[in-house]
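> One structure coming up, written as structure tokens, with questions to follow.
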Amino acid sequence: MERPVDNIEYNPGKETMWWGTLGTMRPFQPFDPDLDARRIYAALDNKTVDVRTLIWILTNRTNAQRQNIAVAYHNLAQKDLNAVLKKALSGAVQELLLALLMTPAQFDSHRLRHSMEGLGTDEEALLEVLCTRSPEQLRDITIEYKQAYGRYLEKDLISETSKDFTKLVLAILKKEELNTTGEIDYQVIAQDVKSLKDAIIAKKSDPTPWIQVLTSRNADHLNRVFSRLEDMNGEPVDKTVQSNFSGDLRLGLRILVQTIQNTPLYLAQRLHTSMKKNSVVRGILVGRSEEDLLWVRVHFRKLANSSLYSTIEKEFKGDLQLALLGICRSEDI
């Protein structure tokens, strides 16, 4: 049954999941990729695919462990696990399990490409990825996007967006935090508050200072800026953006502000309003499973007056429900 091929070794390096302390997926112990590969081989080697075994294994391993399982499967079966899953499964379950086998940069690249394919662009899906990733992660995504699709992410963003919205998404993609993390520079805070305030005083608001400031400072600094601006304007920054900008630019600035203030809360709100969209639920659960999904769950319960786990049980059925619950992990009472 076991047919070895040339030994393939997986070196996680930058491809390991960007690990946080509030994820639902933790390293499975004791971990044996060869044993998992044999179980997956057996689950796929029947006329009736044992989907539940596939789900149990892939939703109980970290991304780095899943990469090692894929390598072990290749060495065992002389076949690519992704290709086998594509042939054996279909629909939403196939999409979810294939997503779990992607590295983080591959998955985000896939989501960005999907948001721009076909007629029209899904601006919120595009912004969700761009606004919730660090400068380092965005650089990795840009490299992976070119490797995966033979296309330049920057050029695709230019072709799929327009005017000030293009300037915003490109600034987010190339964002660099120019101020030093951990240091409070009150002079720069005051300058940034003035720049943002002055940009919306005139009859026609100028988005340039907003784009520049919001994509060149770290979140701690910007939250101090937002706090002062809110005191001056007597309203939340989100409402200020809503009142002074329009179209895709307004959407982009609002999402950027929301993710700077509280990324898990923004993601919980997005889940709450988009629970019937498989791609949104899959994207957030897979993308945040090793970062802050526990915190997203806390905010979701406050918003929906129901746990994310219970909501998934209600909205989804069958194997897809089982897989999503496996990533969500547990109930919040």
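The values are calculated or read from the model by the stated rules, or taken from the named source; none is laboratory data. All of these numbers come straight from a predicted model, not from anything done at the bench. Here the Cβ positions follow ideal geometry from the backbone for every residue, glycine too, while neighbour counts run over all protein chains shown. The protein model used for the area step is the full one, side chains on, heavy atoms only, and it has no ligands, DNA or RNA in it. Shrake-Rupley method; radii C 1.70, N 1.55, O 1.52, S 1.80 Å.
> For the range 104-174, what relative contact order do you get, as a whole percent, if you take Cα pairs closer than 8 Å and at least 6 residues apart?
After rounding, I find 34 percent.
> The chain: percent of C-alpha pairs farther apart than 30 Å?
Result: 41 percent of Cα pairs exceed 30 Å.
> Another question, if that's okay. Which of rounded, prolate or oblate describes the range 33-101 when judged by the alpha-carbon gyration tensor and an a/c cut-off of 1.5?
Rounded is the answer for the range 33-101, as its axis ratio a/c remains below 1.5.
> Taking all protein chains as present, what is the carbon and sulfur share of the accessible area of the range 104-174, in % to the nearest whole number, probe 1.4 Å?
49
> Could you state the principal axis extents of the C-alpha atoms in the range 186-261, from the largest down, to the nearest angstrom?
If we take the Cα atoms of the range 186-261, the spans are 32, 25, 22 Å.
> Let me ask something else about it. How far apart, in nm, are two points set 7 Å out from the Cα along the Cα-to-Cβ line at Phe28 and at Asp45?
Going by the 7 Å Cα→Cβ label model, 1.8 nm.
> Got a number for carbon plus sulfur as a percent of the range 186-261's accessible area, 1.4 Å probe? Before the final figure, lay out the partial values.
On the way: 1730 of 3660 Å².
Carbon and sulfur together cover 47 percent of it.
> Which FRET efficiency value, to the nearest 0.05, is calculated for Glu183 and Asp80 with the Förster distance at 45 angstrom and r the Cβ-Cβ distance?
0.40
> Please compute the per residue accessible area over the chain with all protein chains in place, 1.4 Å probe, rounded to a whole number of Å².
Ligands and nucleic acids excluded, the figure is 49 Å² per residue.
> Computing the accessible area with a 1.4 Å probe over protein heavy atoms, can you report the carbon and sulfur percentage for the range 33-101? It would help to have the intermediate numbers written out before the result.
Values: 1350 of 2900 Å².
That fraction is 47 percent.
> I need the helices of the chain that pass two filters: whole DSSP H segments spanning 18 Å or more by Cα along the axis, and mean Kyte-Doolittle score no lower than -0.5.
In the chain, the long hydrophobic H runs are 63-77, 186-199, 247-273.
> Report, in whole Å, the centroid distance computed from the Cα atoms of the range 249-308 and the range 84-101.
Cα centres, the range 249-308 to the range 84-101: 24 Å.
> For Asn60 and Lys194 in the same chain, what is the full-extension length gain: residue separation times 0.36 nm, less their Cα-Cα distance, in nm?
So the extension gain works out to 43.3 nm.
> Treating only the Cβ atoms of Lys and Arg (+1) and Asp and Glu (-1) as charged, compute the dipole magnitude of the range 186-261 about its Cα centre; round to the nearest 20 debye.
140
> Right, something else. Suppose R0 equals 45 Å; then what is the FRET efficiency for Ser306 and Ala202 from their Cβ-Cβ distance, rounded to the nearest 0.05? Intermediate values should be presented prior to the final figure.
Values: r = 45 Å, r/R0 = 1.00.
In this case the efficiency is close to 0.50.
> Of Thr53, Thr59, which has the most accessible area with a 1.4 Å probe, and how do the rest follow in descending order?
Result, largest first: Thr53, Thr59.
> Continuing with this model, one more query. Along each of its three principal axes, how wide is the spread of alpha-carbon positions in the range 104-174, in whole angstrom units, largest first?
27, 24, 18
> With a cap of 16 neighbouring Cβ atoms within 10 Å, and only residues DSSP puts in a loop, list the GluC sites (Glu not before Pro) found in the range 143-241.
Passing both the DSSP loop test and the Cβ count: Glu176, Glu177, Glu183.
> Here's another thing I want to ask about it. Just the accessible area for Lys314, please: 1.4 Å probe, Å², rounded to the nearest 10?
So the heavy atoms of Lys314 present about 150 Å² to solvent.
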